[in-house]
1. Mind counting the residues in the range 321-342 that are surrounded by fewer than 20 Cβ atoms within 10 Å (Cβ to Cβ) and within 27 Å of residue 269 (Cα to Cα)?
2. Is it the case that the range 123-146 has a residue that's part of a loop (DSSP other than H, G, I, E, B), more than 21 Å from residue 248 (Cα to Cα) and touching a helix residue (DSSP H, G or I) at 6+ places or on another chain (Cβ under 7 Å)?
3. I need the full set of residues from the range 13-58 which are more than 30 Å from residue 355 (Cα to Cα), outside any loop (DSSP other than H, G, I, E, B) and touching a helix residue (DSSP H, G or I) at 6+ places or on another chain (Cβ under 6 Å), in order please.
4. Kindly indicate which of 5, 26 is over 21 Å from the mean Cα position of the chain (by Cα), touching a residue at least 12 places away in the same chain (Cβ under 8 Å) and assigned by TED's automatic domain parsing to the domain that holds residue 353.
5. Scan the range 59-67 and give yes if some residue there is within 30 Å of residue 242 (Cβ to Cβ), modelled with pLDDT of 95 or more, buried (at least 18 other Cβ atoms within 10 Å of the Cβ) and out of contact with any helix residue (DSSP H, G or I) (no Cβ under 8 Å at 6 or more places or on another chain), otherwise no.
6. Quick check on the range 80-120: of everything there that is touching a strand residue (DSSP E or B) at 6+ places or on another chain (Cβ under 8 Å) and in a loop (DSSP other than H, G, I, E, B), which residue is farthest from residue 56 (Cα to Cα)?
7. Restricting the search to the range 238-263, which residues are farther than 17 Å from residue 117 by Cβ and either in contact with a strand residue (DSSP E or B) (Cβ under 6 Å, 6 or more places away or on another chain) or free of Cβ contacts under 8 Å to residues at least 40 places away in the same chain (or both)?
C-alpha cells in the first residue's frame, strides 16, 4: 500500500504561535504513526512580525507562489507589539485567505463536557454550533479611500464588497452542510440598517434556500443573534454570516464554549485548487509568550479539522475525543483551564491519549 504524504507549510508566526504549533504537529505525527496509511511532511517558514521588522514584509513577495506547492498551511498566530495590527493581519493572514480563495471559514462553537462556561444552567448539549463565515470579501475586502489626510476635512471610506458569486457560494456551502448533517440553518444579517449589502445577502439566502426545501431556516439580525447566543444558545446549529459578523460572533462563541484557548478555525478552498489553512483563532498573546502558559488545545482542535479535510475523519473524531477527555477528567490542563501543566506537557498528554 502506498502511503499518502500530506505536505504542510508551517507558519508558526509570533508570540505563542511557535509553542502551540509544535503541539499541533505532535498530534498530526501521532495520528499518522498510529494509522500507518498516511504521513505528514512539515516545512517551516519564519514569516510574521519579526520577519516584517527585518524586511519590511510579513512574507516574501513570492510567498503565495511558495505556499501554493503545499497541501495545507498550519498557522500559529500573527501579531506583535511594534507592528500595527492592520499590517500583520492584512499582509499575511488576509493575503493568504484572499490569494488562495479560502472563501469558507469554519469555526466550531461546541461546549465540551468539562470546559468552563460563563452561562448559568447551560449544558454541553446546549452549545453545539458550526459557523460558516464568508472569508474572501464582504467587510474585509480592503476596498475604500482615505481622503484629505491630516487635514480638517479628512474623510475615510470603508466599502463592504458583496458579489453575487461570493455571497451565493458561501450560503450554498452552508445549506449543503445543513442538509448533510440534518440541522437547522440560521442566516445572520443587518438588513434593517445596511440597505445594500445586507438586503442583498437576505435576498440571496432566500433564493438559494428555494433549492433546499428540506432545510429549516431562520434569519436573525446580528444584534439579536448576539443576544440569543447568550440567552438561548441551543437555537443555533449551522450559522452562516458575512466576514465581519462571523468574526465577531465566533469570538462571542468562543467565550461561551470554553474560552479562546479552545477556539479553532479552518480556512477552506473547497475546490482544493489552492491549499487550505488551519489555525487557532486566539491570537499571539505576546504577554505570555515563552512562559509555557499557552493553551495548545485550540491548535490541536485545528489539527483535527485538518485531518478531517484530508479525509481522516476517524482520526479527527479521536482527537476531539482526546480533548474532551482531558477537559472532563482535568488531565494536564494549562492554567487558563484551571490546571498547572505547561504548553508542552498539555500537548504531550494529548498525544499519549491518542490511541488506535
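The values are calculated or read from the model by the stated rules, or taken from the named source; none is laboratory data. Please read these numbers as outputs of a predicted model, since none were measured by experiment. Heads up, the Cβs are rebuilt from the backbone with ideal geometry, glycines too, and the neighbour counts pull from every protein chain shown.
1. So the count comes out to 1.
2. Here is the first cut: in the range 123-146, the residues part of a loop (DSSP other than H, G, I, E, B) are 123, 127, 135-137.
So of that shortlist, the ones also more than 21 Å from residue 248 (Cα to Cα) come out as 123.
With the extra rule that they be touching a helix residue (DSSP H, G or I) at 6+ places or on another chain (Cβ under 7 Å), the set shrinks to none.
No, that holds for no residue.
3. Across the range 13-58, the qualifying residue is only 49.
4. Working: 26 fails: over 21 Å from the mean Cα position of the chain (by Cα).
Exactly one residue qualifies, and that residue is 5.
5. Taking the range 59-67 first, the residues within 30 Å of residue 242 (Cβ to Cβ) are 59, 63-65, 67.
Filter once more, so that each one left must be modelled with pLDDT of 95 or more: 59, 63-65, 67.
Going one step further and asking which of them are buried (at least 18 other Cβ atoms within 10 Å of the Cβ), we end up with 59, 63, 67.
Subsequent filtering for residues that are out of contact with any helix residue (DSSP H, G or I) (no Cβ under 8 Å at 6 or more places or on another chain) retains none.
Among the residues of the range 59-67, not one is within 30 Å of residue 242 (Cβ to Cβ), modelled with pLDDT of 95 or more, buried (at least 18 other Cβ atoms within 10 Å of the Cβ) and out of contact with any helix residue (DSSP H, G or I) (no Cβ under 8 Å at 6 or more places or on another chain), which makes the answer no.
6. By that ranking, first place goes to 111.
7. First, the residues of the range 238-263 that are farther than 17 Å from residue 117 by Cβ: 238-248.
Scanning the range 238-263 gives 238, 239, 240, 241, 242, 243, 244, 245, 246, 248.
Residues are listed down the side, and each one gets a yes or a no for (1) in contact with a strand residue (DSSP E or B) (Cβ under 7 Å, 6 or more places away or on another chain); (2) closer than 19 Å to residue 200 by Cβ; (3) without any contact (Cβ under 8 Å) to a residue 12 or more places away in the chain; (4) not assigned by TED's automatic domain parsing to the domain that holds residue 215:
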{"residue": "133", "(1), (2), (3), (4)": "yes, yes, no, no"}
{"residue": "136", "(1), (2), (3), (4)": "no, yes, no, no"}
{"residue": "150", "(1), (2), (3), (4)": "no, no, yes, no"}
{"residue": "158", "(1), (2), (3), (4)": "yes, yes, no, no"}
{"residue": "175", "(1), (2), (3), (4)": "yes, yes, no, no"}
